[in-house]
Amino acid sequence: MVAWTLEAARGSALIDHLVVSTDDPAVAAIAAELGWPPPFMRPDHLSGATSPVIDAIEHALEQVGGRWDYVVVLQPTSPLRTAADIDGAVRLCDDTGAPAVIGVSPLPKPPVFYGQVDAEGRYTPGGVDFERAALINGAVYVGRPDVLMRDRTFQSAGALAYPMPFERSWDVDTLAEFAVCEALFPFQG
C-alpha cells in the first residue's frame, strides 16, 4: 500500500516535493527502494495509533522548512487513489481558495439499506440525508499550512469535499479490505 501511494504521488503533476514521514523502518525501506529521499523518522511521541496526524504534519513541516502553498496528505491505508485524484483535489483547493479539501465517497449501499436503531433496539428505515451524505475516505487531504497549523484540522470552516468513486475510496483497516484493494489495484489508472 505504501508503494501504491508513492507511485500515485509520483504521477501527480502538481506535487513538487514529497516527504515520507514514518515511524516504521519497513516503510522507510520501501521509500528508499522506490528512489524517494530518506523519510523523516518520527519521534516516539508522534508514533502510534493515537498520535494526531496534525502533529506529524507539523513535525514534517519543521523538518522540511521553507514556505509551502499546500500540504497534501496521502495515507497509505487508502491506496487506490490515483494521481488524477491528487491533482483534482489540489486544483479544487487552488481554484476555490478553500482552506482545505478532503476526499470523500458516496455511501456504499443504496438508500433502501439504511435506517436507524433506537435505544430499545427497534429498526426504523430511513433517517439518512442521502442528498448530502458522504464518507471521508482517507485517500487525499489538501490544506493550506497556515490554516492547518492554526485550526489543527483539515475540517476547518469552508473545507470542501473532493468526491471520488466508491471503488477508489477503500480505507484499509482489515485483511479483507486489503484483499479487496489488492484485487482492484491492477484496474486503477
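Numbers for the structure displayed
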| quantity | calculated |
| --- | --- |
| Count of the range 151-175 residues which are outside any loop (DSSP other than H, G, I, E, B), charged (D, E, K, R) and open to solvent by 70 Å² or more (accessible area, probe 1.4 Å) | 1 |
| Residue count for the range 123-150, restricted to those that are assigned to a loop (DSSP other than H, G, I, E, B) and within 10 Å of V101 (Cα to Cα) | 1 |
| Residue satisfying condition, being of a type in the set (K, R) and in contact with a His (Cβ under 7 Å, 6 or more places away or on another chain), within set R81, R42 | R42 |
| Elements of type helices (runs of 4 or more DSSP H) in the range 1-83, at least 3 residues being at pLDDT 90 or above, open to solvent by 20 Å² or more (accessible area, probe 1.4 Å) and within 19 Å of R152 (Cα to Cα) | 53-64 |
| Count of the range 85-125 residues which are out of contact with any strand residue (DSSP E or B) (no Cβ under 6 Å at 6 or more places or on another chain) and farther than 14 Å from V142 by Cβ | 14 |
| Unique match (being over 26 Å from Y162 (Cα atoms) and of a type in the set (G, A, S)) among G103, G35 | G35 |
| Filter result (open to solvent by less than 60 Å² (accessible area, probe 1.4 Å) and either modelled with pLDDT of 95 or more or touching a Ser or Thr at 6+ places or on another chain (Cβ under 8 Å) (or both)) within the range 176-189 | Q188 |
| In the range 93-109, residue nearest to L74 (Cα to Cα) [restricted to those that are at pLDDT 90 or above and open to solvent by 40 Å² or more (accessible area, probe 1.4 Å)] | D94 |
| Count of the range 131-189 residues which are aliphatic (A, V, I, L, M), touching a Gly at 6+ places or on another chain (Cβ under 6 Å) and closer than 23 Å to S51 by Cα | 2 |
| Residue check, G88 buried (at least 19 other Cβ atoms within 10 Å of the Cβ) and either of a type outside the set (A, V, I, L, M) or over 15 Å from S156 (Cβ atoms) (or both) | yes |
| Residue in the range 110-122 that is open to solvent by 30 Å² or more (accessible area, probe 1.4 Å), of a type in the set (K, R) and not in a helix (DSSP H, G or I) present | yes |
| Long-range neighbours under 6 Å by Cβ, at least six apart or interchain, first residue modelled with pLDDT under 80 within the range 123-138, second exposed (fewer than 12 other Cβ atoms within 10 Å of the Cβ) and part of a strand (DSSP E or B) | G127/Q116 |
| Within the range 137-150, considering residues that are more than 19 Å from A3 (Cα to Cα) and not acidic (D, E), the one surrounded by the fewest Cβ atoms within 10 Å (Cβ to Cβ) | R150 |
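The values are calculated or read from the model by the stated rules, or taken from the named source; none is laboratory data. Just so it is clear, the structure is predicted and the values come from calculations on it, not from any experiment. Glycine also receives a Cβ, built like all others from the backbone with ideal geometry; neighbour counts cover every protein chain displayed. Note: areas computed on protein heavy atoms with side chains; ligands, DNA, RNA excluded. Shrake-Rupley method; radii C 1.70, N 1.55, O 1.52, S 1.80 Å.
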